[in-house]
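Engineer: A single structure is presented below for examination.
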Amino acid sequence: MLLTFEMKIESPAWYCARTKPKHEHIAATNLRKNLKLEVFHPRLRIERATRRGVVRVSEPLFPCYIFFRCLIGEKLTEIQRTSGVSTVVHFAHKIPKIPDAVIEELKECFEGEETITVEDRLAPGDEVIVAEGAFCGMRAFVLRVMPARKRVQVLLDVLGRPTPAELDENSVVMEGNGVANLVPMLAAPVGRNVAIVG
């Protein structure tokens, strides 16, 4: 259903659009290419444990949402009809503006459209999943981190017995490293837990 209420906006402003699931990049591309709008949708590169081992995937920081800047009164109907866009975020008959300062702060963290790689920082007591090798798929608890050797000592449950094992730090992935679980890491000072991918 299309929104059709009147807007009085003197200058372009930032707004938020809800996209169809997994269509953030499609909606962003179409808004840029077809409507010539400035679009921002920050993404994270996250390690995932799979049967093939550790793989890096790119995920939006805000799943199903992207930001765009325009004169909303002139472009509203076209935006709502853009492939990948579900609706423009609104409350009753009001489309809220997003302050420029909020977008600028996000852009500073993400260097415009660059993807941020989230690096897990293992610590004793963390629950991990072994992503490769003989123990692939098993859950374990970190006992000790040995950064100089790039190794980690974990406690595995082998045949019902707790068994310590030493593994390469790249062969384990933090349990529950989805975007929501990474918010505390992302809020930490830049350089400590995140690194910009160039």
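Engineer: Please report, in debye to the nearest 20, how large the charge dipole of the range 64-108 is about its Cα centre when each Lys and Arg carries +1 at its beta carbon and each Asp and Glu carries -1 there.
Structural biologist: It works out to roughly 240 debye.
Engineer: At 1.4 Å probe size, what's the solvent-accessible area of S171? Round to the nearest 10 Å².
Structural biologist: Roll a 1.4 Å probe over it and S171 shows about 10 Å².
Engineer: Rounded to the nearest 10 Å², what accessible area does D100 have for a 1.4 Å probe in the complete protein model?
Structural biologist: 80 Å²
Engineer: Modelled label-to-label distance, K107 and F91, 7 Å Cα→beta-carbon offset: nm?
Structural biologist: According to this spin-label approximation, the distance is 2.5 nm.
Engineer: May I pose another question? In what order, largest first, do V89, V154 sit by accessible area if the probe radius is 1.4 Å?
Structural biologist: Ranked from most to least accessible, the order is V89, V154.
Engineer: Sticking with this one: Below 12 angstrom from the Cβ of V88, what's the summed charge of the other residues (Lys, Arg +1; Asp, Glu -1)?
Structural biologist: The answer is +4.
The values are calculated or read from the model by the stated rules, or taken from the named source; none is laboratory data. Note that the structure is predicted; figures quoted are calculated from it, not measured. Cβ coordinates were reconstructed from backbone atoms using ideal geometry, including for glycine residues, and neighbour counts include every protein chain displayed. With ligands, DNA and RNA removed, areas are computed over all heavy atoms of the protein, side chains included. Shrake-Rupley method; radii C 1.70, N 1.55, O 1.52, S 1.80 Å.
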